[in-house]
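One structure is given below, encoded as structure tokens.
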Amino acid sequence: MRKPFVAGNWKMNKTIAEARDLITKMSAELRVISDVEKVLCPPFMSLMDAFKLLEGSGIGLGAQNMHWEEKGAFTGEVSPAMVKELCGYVILGHSERRAYFGETDEIVNRKLISAQSIDLTPIVCVGETLDQYESKLTREVVSKQTSLSLRDVSPTFAPRIVVAYEPVWAIGTGKASNGEEANAVVKDVIRPALAELFGNETSQAIRVLYGGSVTSSNATEFFGQPDIDGALVGGASLKIDEFAAITKAAAQ
Ligand code: PGA
């Protein structure tokens, strides 16, 4: 049985003061929801406050990115050890990182190997663009991203990885995929790619999330699918009632 998983990716939203307020209120709502792994991913600037505010809440904390090197002359970057001091999770290879910051599968893989070495739970994102979707390249693209981004991971660490299938055309557009279509990609593309890397048993143990315009109104459509184990939520994770409702739906 794969435990349901819901993560809120705040992206570049909320100042330190705003984040403090939102985390306090969000935590009160989320801490009473059980049977689901809950993670908040605020901006780097708010991780320290979030760490303190979430202590003992049962709500996990994640970073939205990190560098793969241990330390050194990488101006503006944050190292795995710095993330690890405050977080249990890290989002890797989000499509916005891939599109605007040149992250390739190779870079995502380096970061994943670093997460493994420091024992951070990675949430690795894959998904096709609108062009690729319209050209019917979804399967090819997602399979390749999964295989390359997750290569060379140890079989013992592999079950810890969380994969997020996020069609790029569904992110922040209000145009979510539909449950069956997303489930088919997870079942027929992502799990077979994971099986190729780690064997069938591990492929069945890895949590795979859907992401892209998830709201409280469509969440159950995705969570009802046999191969989808939760959601990576962007916009709706900034709204207390919405995110709490999505988290509750995942728990059921
Ligand atoms: P969205 O973002 O829920 O706002 O579409 C999802 C994500 O980017 O992880």
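Overview of values
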{"read-out": "Selection from the stretch 227-244 of residues that are buried (at least 17 other Cβ atoms within 10 Å of the Cβ) and more than 14 Å from the ligand (Cβ to nearest atom)", "value": "Asp227, Ile228, Asp229, Ala244"}
{"read-out": "The stretch 1-20 - residue that is in a helix (DSSP H, G or I) and farther than 16 Å from Leu61 by Cα and, of those, farthest from the ligand (Cβ to nearest atom)", "value": "Ala17"}
{"read-out": "In the stretch 180-226, residue surrounded by the most Cβ atoms within 10 Å (Cβ to Cβ) [restricted to those that are away from the ligand (no atom under 16 Å from the Cβ) and in a loop (DSSP other than H, G, I, E, B)]", "value": "Ile206"}
{"read-out": "Given (1) within 11 Å of the ligand (Cβ to nearest atom); (2) more than 17 Å from the chain's Cα centre (by Cα); (3) part of a helix (DSSP H, G or I), index of the condition Gly174 fails", "value": "(3)"}
{"read-out": "Verdict on Gly88 being among the small types (Gly, Ala, Ser), within 30 Å of Glu201 (Cα to Cα) and within 16 Å of the ligand (Cβ to nearest atom)", "value": "no"}
{"read-out": "Elements of type helices (runs of 4 or more DSSP H) contained in the stretch 94-170, each with 3 or more residues being within 14 Å of the ligand (Cβ to nearest atom), at pLDDT 95 or above and of a type outside the set (A, V, I, L, M)", "value": "95-100"}
{"read-out": "Residue satisfying condition, being within 16 Å of the ligand (Cβ to nearest atom), among the aliphatic types (A, V, I, L, M) and surrounded by 14 or more Cβ atoms within 10 Å (Cβ to Cβ), within set Leu30, Leu40", "value": "Leu40"}
{"read-out": "Options Asn109, Asn13: the member that is surrounded by 16 or more Cβ atoms within 10 Å (Cβ to Cβ) and of a type in the set (S, T, N, Q)", "value": "Asn109"}
{"read-out": "Residues (touching a residue at least 12 places away in the same chain (Cβ under 8 Å) and surrounded by fewer than 18 Cβ atoms within 10 Å (Cβ to Cβ)) located in the stretch 87-104", "value": "Gly88, Ala99"}
{"read-out": "Evaluation of Gly62 against (1) within 23 Å of Ile107 (Cβ to Cβ); (2) not in a strand (DSSP E or B) (one fails), failing number", "value": "(2)"}
{"read-out": "Unmet requirement for Glu69, which otherwise passes all of (1) over 28 Å from Trp169 (Cβ atoms); (2) in a helix (DSSP H, G or I); (3) of a type outside the set (A, V, I, L, M)", "value": "(2)"}
{"read-out": "Qualifying position, being closer than 15 Å to Ser237 by Cα and out of contact with any Gly (no Cβ under 9 Å at 6 or more places or on another chain), among Ala7, Ala99, Ala63", "value": "Ala63"}
{"read-out": "Hey, Pro80 touching an Asp or Glu at 6+ places or on another chain (Cβ under 9 Å), in contact (Cβ under 8 Å) with a residue 40 or more places away in the chain and more than 22 Å from Tyr165 (Cβ to Cβ) or not", "value": "yes"}
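The values are calculated or read from the model by the stated rules, or taken from the named source; none is laboratory data. On a predicted model such as this, the values are computed, not experimentally measured, just so you know. Glycine gets a Cβ as well: all are built from the backbone with ideal geometry, and neighbour counts include every protein chain shown.
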